[in-house]
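Before any comments, here is the structure.
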Amino acid sequence: MNDYSPSIRHHAVALMRQGVANRDVAELLGIPRGTVGWWRHQDRQQRGELFVPPTDCPSCTRRAFNHPAYSYLLGLYLGDGHIVSKPKQHHLSIFCADAWPGLIDEAETAMRKVMPLPSVQRRQKKGCAEVKSYTKHWTCMFPQHEPGKKHDRVIALEPWQQAIVDAHPWEFIRGLFHSDGCRITNWTTRIVAGKPKRYEYPRYLFTNKSDDIRKLCSDTLTKVGVEWTTLARGSDPFNISVARRASVALMDTHVGPKY
């Protein structure tokens, strides 16, 4: 592209500014069409005419956005979401099991409430749906994005994110438990009048390999008055358990089972 004289390049650019198509300029001057296209791109860039896709990114535009929806979406992202950020591919993905169609709807709704402009699609996979929102600006809204798995790197909220979680803690908790949590029924036996009797009780579990994400979950649970314990499997303390009756009742009121 640098083997042509400035006069040829200026001639080509002048023709393109007059509306002559790239292919016609290339044929007229005997220049590869790719070279002509590059010259057009550089000329538009110098004149500030390059197309910039519109965005409603709250971080870039400073516009107000739906904080409860963001708090919920943040929980989903930290639990079971990821961002793809490549030169020609940008999207936020949240994975939801087919068994919980209501959560699939909620994930899509939350994405649209935070940023209405990007295209949102669902991609069916084996046993689950991938809800995808296409824009590079999700990296602005989730600065925790970096290459690699979340549990292999530090996960810390920015002050503005923490302020939203503090204002809408239950939405954040719902997002975490809707992605990497569950409500189950445990049982145990006790000897009553000399005979074993089965007792059942509900329990909430949140499972995540990231120490940082589990701490975000447990700290927020503590702030809303939910008692929790660490339930280890072997030597791995990957589970946060909520089993006390009053705390389960709080979780039932604000989180509830998946649906």
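The values are calculated or read from the model by the stated rules, or taken from the named source; none is laboratory data. Fair warning: this is a prediction, and the values are worked out from it, not measured in the lab. Glycine also receives a Cβ, built like all others from the backbone with ideal geometry; neighbour counts cover every protein chain displayed. Quick note on the areas: whole protein, heavy atoms, side chains included, nothing else; ligands and nucleic acids left out. Shrake-Rupley method; radii C 1.70, N 1.55, O 1.52, S 1.80 Å.
Tell me the residue from 206, 238 that is of a type outside the set (Ser, Thr, Tyr) and at pLDDT 95 or above, please.
Of the residues listed, the single one that is of a type outside the set (Ser, Thr, Tyr) and at pLDDT 95 or above is 206.
Within region 11-33, does at least one residue satisfy the condition of being in a helix (DSSP H, G or I) and in contact with a Ser or Thr (Cβ under 8 Å, 6 or more places away or on another chain)?
Yes - at least one qualifying residue is present in region 11-33.
Go through region 136-180 residue by residue and tally those that are in contact (Cβ under 8 Å) with a residue 12 or more places away in the chain, open to solvent by 60 Å² or more (accessible area, probe 1.4 Å) and of a type in the set (Asp, Glu).
Total satisfying the criteria: 2.
Any residue at all in region 72-81 that is part of a strand (DSSP E or B) and in contact (Cβ under 8 Å) with a residue 12 or more places away in the chain?
yes
A quick yes/no check of all residues on (1) farther than 22 Å from residue 168 by Cα; (2) not charged (D, E, K, R):
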{"position": "60", "(1), (2)": "yes, yes"}
{"position": "66", "(1), (2)": "no, yes"}
{"position": "72", "(1), (2)": "no, yes"}
{"position": "88", "(1), (2)": "yes, no"}
{"position": "104", "(1), (2)": "no, yes"}
{"position": "126", "(1), (2)": "yes, no"}
{"position": "129", "(1), (2)": "yes, yes"}
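Tell me which helices (runs of 4 or more DSSP H) are completely within region 101-211 and hold 3 or more residues being of a type in the set (Phe, Trp, Tyr), or say none if there are none.
169-180
Does at least one position in region 54-70 carry a residue that is open to solvent by less than 10 Å² (accessible area, probe 1.4 Å), in contact (Cβ under 8 Å) with a residue 60 or more places away in the chain and closer than 24 Å to residue 149 by Cα?
yes
Give region 104-114 a look and list any residue that's farther than 10 Å from residue 129 by Cα and in contact with a strand residue (DSSP E or B) (Cβ under 7 Å, 6 or more places away or on another chain), or say none.
107, 108, 111, 112
What are the residue pairs meeting all of these: first residue in region 103-117, first residue over 16 Å from residue 91 (Cβ atoms), second residue of a type in the set (S, T, N, Q), Cβ atoms under 9 Å, and 6 or more apart or on different chains?
Sorted first by the residue in region 103-117, then by its partner, the pairs are 103/179; 113/66.
For residue 130, state whether it is open to solvent by 10 Å² or more (accessible area, probe 1.4 Å) and within 15 Å of the chain's Cα centre (by Cα).
Criteria not met by residue 130.
Mind listing just one residue for me: the one in region 189-247 that is among the β-branched types (Val, Ile, Thr) and out of contact with any helix residue (DSSP H, G or I) (no Cβ under 9 Å at 6 or more places or on another chain) and, of those, least open to solvent (accessible area, probe 1.4 Å)?
Selected residue: 192.
Out of (1) modelled with pLDDT of 90 or more; (2) not in a helix (DSSP H, G or I), what's the single condition that is false for residue 52?
(1)
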